[in-house]
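The values are calculated or read from the model by the stated rules, or taken from the named source; none is laboratory data. Please read these numbers as outputs of a predicted model, since none were measured by experiment. Here the Cβ is made from the backbone with ideal geometry for all residues, glycine too, and neighbour counts use every protein chain on show.
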Amino acid sequence: MEQITVRTERLTIFPQSAEEMSGLCRRETDPEMKRAYAEMLETMRRSPGREEWGTAWKICLKDGAVVGSCCFKGVPDPEGVVEIGYGIDEPHRCNGYATEAVAGLVKWALARDGVRCVAAQTEPGNRISRKVLLKVGFVRDGYGDEGPLYKLFR
């Protein structure tokens, strides 16, 4: 996988390799996260040369401290839509990192050939995630299979 780094004012965001994802999968004890990492790894394997669309991306402060992660849920579809997911670790929440990371990754994604829209879903009661998406410029566009659906077009 080519070395990709997205830099924002306070963050450095970069995709993890297949080896790193395998390690995450092996070490994870939460069954839901273990399944998610295994799915990401399989997406990476099915997308040679485009692994960044399937892996977890580390969200780090400039000093290297990891504050969360994000991902794209597969390569852009035929209409040019790619879905993003994100999370900030509990001790680092309420510092604007999610908004900054999502904005940086959306900008990166929309600059890629074949991407015309970034989508995101939230759990119905997750008002903080909804607030992040609205701050970045997403607009509500119905419901997806995980909850309210938001989109941001190029």
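Criterion first (closer than 19 Å to GLY74 by Cβ, among the basic types (Lys, Arg) and in contact (Cβ under 8 Å) with a residue 24 or more places away in the chain) does ARG45 satisfy it? Yes: the conditions hold for ARG45. Of GLY54, GLY87, GLY68, GLY64, all but one fail to be under 21 Å from ARG116 (Cβ atoms) and either basic (Lys, Arg) or without any contact (Cβ under 8 Å) to a residue 60 or more places away in the chain (or both); the exception is GLY54. Taking each residue of the stretch 97-124 that is under 15 Å from GLY85 (Cβ atoms) and acidic (Asp, Glu) and looking for partners that are assigned to a loop (DSSP other than H, G, I, E, B) and at pLDDT below 95 with beta-carbon atoms closer than 8 Å, six or more apart or interchain, yields GLU123/GLU146; GLU123/GLY147. Checking the stated criteria, ALA56 turns out to be among the hydrophobic types (A, V, I, L, M, F, W, C) and under 22 Å from LEU133 (Cβ atoms).
Taking the criterion of being at pLDDT below 95 and in contact with a helix residue (DSSP H, G or I) (Cβ under 6 Å, 6 or more places away or on another chain), the residues of the stretch 1-20 that qualify are MET1, ALA18.
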